[in-house]
Amino acid sequence: MPRSLSGRSFLKLLDFTTEEIQYLLELSKDFKNLKRTNTPHKYLQGKNIVLLFEKTSTRTRCSFEVAGNDLGMGVTYLDPGSSQMGKKESLEDTAKVLGRMYDGIEYRGFDQQIVEDLAKYAGVPVWNGLTTDFHPTQMLADVLTIQENFGYYKGLTLVFMGDARNNVANSLMVVSAKLGINFVACGPKANMPEKKLVDICKKIAKENGCTITLTDDVKKGTKNADVIYTDIWVSMGEPDNIWEKRIKLLKPYQVNDAVMKNANPNAIFLHCLPSFHDLETTIGKDIYKKFGLKEMEVTDKVFRSKQSKVFDEAENRMHTIKAVMYATLK
Ligand code: CP
Ligand code: NVA
């Protein structure tokens, strides 16, 4: 058992030990069980949290709201247009004000430094709901889903396909290194994670008996994969005019039948979502008109296949976020 996480912020997984991450996963399982059995768990009654979103969200926002309500807390949501932060009031002042009113603060937005500074000034736990660099709450849901499918995660191989230097890929590399999962970044050389982070993760991976591999070769990269993971090709905050370039660069790394066949027979497919796997979105339709692509980072067939566990993964966001809030606020 790790020492208590009470009072800690959850900003990036590099700040947590292997044991602490394992503890949060165990706690998540307990909370999933409580939810599934309809057992009330208002363990944080009387507390209040605020959710500060500078980018849009479905899963993360809803997970924090439902988890907060289930734990008995009051929840305030501030959308990208309705707080003064950064416009009329400095981040430091906003953090100090929110810290006086709330027991915990969730932040989704841009630079990692923003969430780090919020935590520095707020005086209450701050949770990173996604920055340009990291998406740590997503990781707990992903590993929980892997564990539910295989019964374990240590020693498995996870391959991230595509934009391998985005927030999700960076975080997967970190969590894999921490938990003894072999991590492969499979994408074009131009979109590999930063060397500095790779070096840090390689060192951690060595301590935990696993490997970090970077490759632009799809066949080699996805061979022996237990988990194939991808994310959208253009992340929030990136300019729209980058789509054409990204499509050209990342099309060879689309997750399709050939990729899944090359992986282990019992491999699963994960995606943090949202996903462009059909033409049922306005952006998807727009891309089809401009570039003729009906599906992007993953084919509709793989997305809807038995190997795809994306909706279990999405549900697990809520159980794992609940565990993070409970562990840090109790
Ligand atoms: N995976 C994820 O963070 O989804 P949202 O952007 O909908 O929160
Ligand atoms: N990389 C994506 C993740 C969305 C959950 C983004 O930042 O938009």
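Taken together, the values in this text are just the output of simple stated rules run on the coordinates, not laboratory data. Here the structure is a predicted model, which means the values were calculated and not measured. A quick note on method: Cβ atoms are made from the backbone with ideal geometry, for glycine too, and the neighbour counts reach across all protein chains shown.
Results, tabulated for the structure shown:
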{"quantity": "Relative contact order [Cα under 8 Å, 6+ residues apart], segment 150-233, whole percent", "calculated": "40 percent"}
{"quantity": "Between segment 163-190 and segment 260-282, the alpha-carbon center distance in angstrom", "calculated": "17 Å"}
{"quantity": "Amide H contacts under 5 Å for residue 51, placed H, 5+ residues apart", "calculated": "76, 77, 78, 106"}
{"quantity": "Percentage relative contact order, the chain, counting C-alpha pairs under 8 Å, at least six apart", "calculated": "20 percent"}
{"quantity": "Surrounding net charge for residue 92, when Lys and Arg each add one and Asp and Glu each subtract one, Cβ distance under 11 Å", "calculated": "-1"}
{"quantity": "Cα-Cα over 25 Å, subset of 32/223; 55/285; 88/322; 29/120; 251/322", "calculated": "32/223; 88/322; 29/120; 251/322"}
{"quantity": "Burial ordering of 130, 24, fewest other beta-carbon atoms within 10 Å first", "calculated": "24, 130"}
{"quantity": "Rounded if a/c under 1.5, otherwise prolate or oblate - segment 190-330, Cα gyration tensor axes", "calculated": "rounded"}
{"quantity": "Calculated from backbone phi, Karplus (6.51, -1.76, 1.60) coupling profile of segment 310-322 in Hz, x at Gly/Pro", "calculated": "5, 7, 4, 4, 5, 4, 5, 4, 5, 5, 6, 5, 4"}
{"quantity": "Lys/Arg +1, Asp/Glu -1 at C-beta; segment 216-330 dipole; positive extreme among 263, 279, 291", "calculated": "263"}
{"quantity": "Expected 222 nm ellipticity per residue - DSSP helices of 4 or more, -39500 (n - 2.57), all of the chain, to 500", "calculated": "-13500 deg cm²/dmol"}
{"quantity": "Stretchable slack from residue 219 to residue 281, in nm (0.36 nm times residue separation minus alpha-carbon distance)", "calculated": "19.3 nm"}
{"quantity": "Overall form of segment 147-233 per C-alpha gyration tensor (a/c, 1.5; a/b vs b/c)", "calculated": "oblate"}
{"quantity": "Proxy reagent accessibility, fewest Cβ within 10 Å first, across 319, 41", "calculated": "41, 319"}
{"quantity": "Extension gain from residue 294 to residue 93, taking 0.36 nm per residue of separation minus the Cα-Cα distance", "calculated": "67.7 nm"}
{"quantity": "Net charge dipole size for segment 168-255 [Lys, Arg +1 and Asp, Glu -1 on Cβ; Debye, nearest 20]", "calculated": "320 debye"}
{"quantity": "Dipole in debye (nearest 20) - segment 40-91, about Cα centre, beta carbon charges: Lys, Arg +1; Asp, Glu -1", "calculated": "40 debye"}
{"quantity": "Modelled label reach - residue 4, point 7 Å along Cα→Cβ, segment 74-106 residues with backbone N closer than 20 Å", "calculated": "102-105"}
{"quantity": "About the Cα centre, charge dipole magnitude for segment 1-141 (Lys/Arg +1, Asp/Glu -1 at Cβ), debye", "calculated": "420 debye"}
{"quantity": "Footprinting exposure proxy for 283, 232 (fewest neighbouring C-beta atoms within 10 Å first)", "calculated": "283, 232"}
{"quantity": "Segment 28-78: C-alpha gyration tensor shape, a/c 1.5 cut-off, then a/b vs b/c", "calculated": "oblate"}
{"quantity": "Under 13 Å from the residue 62 label point (7 Å along Cα→beta-carbon), backbone N, segment 291-329", "calculated": "311-319"}
{"quantity": "Residue-by-residue Karplus 3J(HN,Hα) for segment 173-188, coefficients 6.51, -1.76, 1.60, Hz, glycine and proline x", "calculated": "5, 5, 5, 4, 4, 5, 9, x, 9, 6, 10, 10, 9, 10, x, x"}
{"quantity": "Length gained when the stretch residue 245-residue 199 is fully extended (0.36 nm per residue, less Cα-Cα span)", "calculated": "13.8 nm"}
{"quantity": "Positive-end extreme of charge dipole, the chain - chosen from 68, 10, 168 (charges on Cβ)", "calculated": "168"}
{"quantity": "Euclidean distance of C-alpha centroids, segment 298-330 and segment 1-58, integer Å", "calculated": "14 Å"}
